[in-house]
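Asks: Starting off with a structure, shown below.
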Amino acid sequence: MKTMNMDFIVNMPQPQSIKDEYPLDRHLKDAVDARNREIIDVFEGVSDKLLLVIGPCSADNEDSVLDYITRLRSVQEKVSDKIVIVPRIYTNKPRTTGDGYKGMLHQPDPNEKPDMLKGIIAIRDMHMRALRETGFTCADEMLYPENHSYLDDILGYVAVGARSVENQQHRLTASGLNIPVGMKNPTSGDISVMMNSITAAQHSHTFIYRGWEVQTHGNEHTHAILRGYVNKDGKTHPNYHYEDLLHLWEAYEEYGLKNPAVIVDTNHANSGKQPLEQVRIALEILHSMRHNSDINKLVKGLMIESYIEDGAQKIGECIYGKSITDPCLGWEKSERLIYDIAELM
């Protein structure tokens with residue numbers, strides 16, 4: 001008798017076999033180490049630069065994503081004394097109802113059927129191209145904890161989303177990573193959930209991961225991401241204001257966690273998914289930082305959804321560099337914002 005209502009399609013290769021087939025050479029490994037040290041220095045307070053985790057809502061086309069990141073590279077060189085840019089290459093896309101485009105991991109080509117083996121290869125290749133061609137280690141979302149091992153040697157930053165932050169496997173896996181992991185507040189806005197997640201990830205744990213019993217050492221660079229929330233009536237509310245940041249600082253003191261830090265997501269419920277509002281929101285956060293020394297110590301960076309073209313399109317419209325998921329801030333406005341942030345730092 002069949003006990004599971006699913007078809008087994010492909011036995012996926014182990015992460016090490018994918019890494020062996022698509023390896024990092026010594027030069028690229030050194031680049032990863034150097035770049036990630038720069039990112040970690042921000043979280044440890046060694047550096048007073050601001051992190052900008054910036055890029056498309058979801059990576060849907062390798063050529064346009066690399067075009068965008070190459071543009072960021074030239075901007076990074078001009079603001080390197082004030083800002084550390086961490087491009088978003090988000091290859092998994094959580095869907096509230098399960099419907100819609102789930103990212104390149106599922107569909108390397110959004111117009112074709114899912115093929116997750118091709119997807120794993122495609123996302124590794126894209127992250128490697130970004131590293132090789134621009135020197136950036138990039139950010140991705142840890143939607144599926146067991147898939148992290150396919151990219152763990154190449155990423156610079158990981159985010160755990162609002163719908164995953166309460167999940168035990170996400171928390172425990174984050175405790176075993178050696179790069180900063182941001183925990184978003186849940187969609188309900190209850191920051192105690194986020195703080196408990198950070199606490200769990202900063203501690204050591206023993207659990208089963210990819211068929212192994214493993215013991216983690218705790219990740220002291222796990223931190224908060226504020227992304228706004230939705231109330232019981234379905235209305236969005238921001239949590240990036242001065243009072244919200246002070247409240248988070250007080251929560252960190254109460255919990256006694258290492259390296260108090262927050263990255264503020266300027267889109268999602270903070271902007272009401274109005275991407276042009278991200279400019280105003282970013283500048284308000286910088287104002288709060290200048291006004292209060294505790295907030296200045298707490299805020300380590302901003303997360304901005306940005307692509308080549310403003311807004312979003314439907315799958316199949318084929319407008320180069322325009323998001324097929326959430327709407328984004330276009331390149332010209334994004335570039336101007338980065339320079340404005342650098343001037344205000």
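The values are calculated or read from the model by the stated rules, or taken from the named source; none is laboratory data. Remember, it's a predicted structure, so these values are computed and weren't measured experimentally. Here Cβ is always computed from backbone atoms with ideal geometry, including for glycine, and neighbour counts include all displayed protein chains.
Asks: Inside segment 150-171, can you point out the residues that are hydroxyl-bearing (Ser, Thr, Tyr), part of a helix (DSSP H, G or I) and under 30 Å from Ser188 (Cα atoms)?
Replies: Just the residues of segment 150-171 that are hydroxyl-bearing (Ser, Thr, Tyr), to begin with: 150, 157, 164.
Those left that are additionally part of a helix (DSSP H, G or I): 150.
Correct list: empty.
Asks: Let me ask something else about it. Just one of Ala174, Ala139 is surrounded by 24 or more Cβ atoms within 10 Å (Cβ to Cβ), in contact with a helix residue (DSSP H, G or I) (Cβ under 7 Å, 6 or more places away or on another chain) and among the aliphatic types (A, V, I, L, M); which is it?
Replies: On the way: Ala139 fails: in contact with a helix residue (DSSP H, G or I) (Cβ under 7 Å, 6 or more places away or on another chain).
Ala174 is the lone residue from the list that is surrounded by 24 or more Cβ atoms within 10 Å (Cβ to Cβ), in contact with a helix residue (DSSP H, G or I) (Cβ under 7 Å, 6 or more places away or on another chain) and among the aliphatic types (A, V, I, L, M).
Asks: Sticking with this one: Quick one: is Ile308 under 20 Å from the mean Cα position of the chain (by Cα) and in a loop (DSSP other than H, G, I, E, B)?
Replies: Judged against the criteria, Ile308 is a match.
Asks: Also: For segment 200-211, name all the residues that are under 15 Å from Lys258 (Cα atoms) and either at pLDDT below 95 or touching a Gly at 6+ places or on another chain (Cβ under 9 Å) (or both). So that I can check it myself, show each step before the final result.
Replies: Start the filter on segment 200-211 by keeping residues that are under 15 Å from Lys258 (Cα atoms), which leaves 200-204.
Ala201, Gln202, His203, Ser204, listed by residue number.
Asks: Count, please, the residues in segment 253-273 that happen to be free of Cβ contacts under 8 Å to residues at least 60 places away in the same chain and over 24 Å from Val84 (Cα atoms).
Replies: Residues in segment 253-273 being free of Cβ contacts under 8 Å to residues at least 60 places away in the same chain and over 24 Å from Val84 (Cα atoms): 5 in total.
Asks: Could you give every pair whose Cβ atoms fall below 7 Å, whose first residue belongs to segment 206-217 and is within 14 Å of His148 (Cβ to Cβ), and whose second residue is small (Gly, Ala, Ser) and surrounded by 11 or more Cβ atoms within 10 Å (Cβ to Cβ), counting only separations of at least 6 or pairs across chains?
Replies: Arg210/Ser149; Val214/Gly176; Thr216/Ser175; Thr216/Gly176; Thr216/Ser204
Asks: Next up: For residues that are in a helix (DSSP H, G or I), of a type in the set (A, V, I, L, M) and surrounded by 16 or more Cβ atoms within 10 Å (Cβ to Cβ), scanning just segment 34-76, find the one that is farthest from the chain's Cα centre (by Cα). Reasoning before the result, please.
Replies: First, the residues of segment 34-76 that are in a helix (DSSP H, G or I): 34-44, 62-76.
Add one more test, that the residue is of a type in the set (A, V, I, L, M), and what stays is 34, 39-40, 42, 65-66, 69, 72, 75.
From what's left, surrounded by 16 or more Cβ atoms within 10 Å (Cβ to Cβ): 39-40, 42, 65-66, 69, 72, 75.
Numbers: Ile39: 13, Ile40: 15, Val42: 16, Val65: 15, Leu66: 17, Ile69: 15, Leu72: 16, Val75: 20 Å.
In this case the residue turns out to be Val75.
Asks: A further question follows. Please find, within segment 77-96, the residue that is surrounded by the most Cβ atoms within 10 Å (Cβ to Cβ) out of those that are of a type in the set (S, T, N, Q) and either in a strand (DSSP E or B) or touching a residue at least 12 places away in the same chain (Cβ under 8 Å) (or both). Break it down into steps so the answer makes sense when it comes.
Replies: Quick first cut of segment 77-96, residues of a type in the set (S, T, N, Q) only: 80, 91-92, 96.
Then keep just the ones that are either in a strand (DSSP E or B) or touching a residue at least 12 places away in the same chain (Cβ under 8 Å) (or both); that gives 91-92, 96.
Working: Thr91: 29, Asn92: 20, Thr96: 9.
Across segment 77-96, the extreme among qualifying residues is Thr91.
Asks: Report yes if some residue within segment 314-321 is more than 22 Å from Thr222 (Cβ to Cβ) and under 17 Å from the mean Cα position of the chain (by Cα); otherwise report no. Outline the logic, then answer.
Replies: Restricting attention to segment 314-321, the residues satisfying the condition of being more than 22 Å from Thr222 (Cβ to Cβ) are 314-321.
So of that shortlist, the ones also under 17 Å from the mean Cα position of the chain (by Cα) come out as none.
Scanning segment 314-321 turns up no residue that is more than 22 Å from Thr222 (Cβ to Cβ) and under 17 Å from the mean Cα position of the chain (by Cα).
Asks: I've got another one for you. So is Leu131 modelled with pLDDT under 95, in a helix (DSSP H, G or I) and over 30 Å from Asp244 (Cα atoms) or not? Spell out how you get there, then give the answer.
Replies: On the way: modelled with pLDDT under 95: no; in a helix (DSSP H, G or I): yes; over 30 Å from Asp244 (Cα atoms): yes.
No; evaluated as a whole, the condition is false for this residue.
Asks: Kindly provide the set of residues from segment 276-288 that are part of a helix (DSSP H, G or I) and surrounded by fewer than 20 Cβ atoms within 10 Å (Cβ to Cβ), ordered by number. First the steps, then the outcome.
Replies: First, pick out the residues of segment 276-288 that are part of a helix (DSSP H, G or I): 277-288.
Once the filter is applied, which keeps residues that are part of a helix (DSSP H, G or I) and surrounded by fewer than 20 Cβ atoms within 10 Å (Cβ to Cβ), segment 276-288 yields Glu277, Val279, Arg280, Leu283, Glu284, Leu286, His287.
Asks: Sort out which residues of segment 220-234 are over 14 Å from the mean Cα position of the chain (by Cα) and in a strand (DSSP E or B), and write them in order of number.
Replies: Tyr229, Val230
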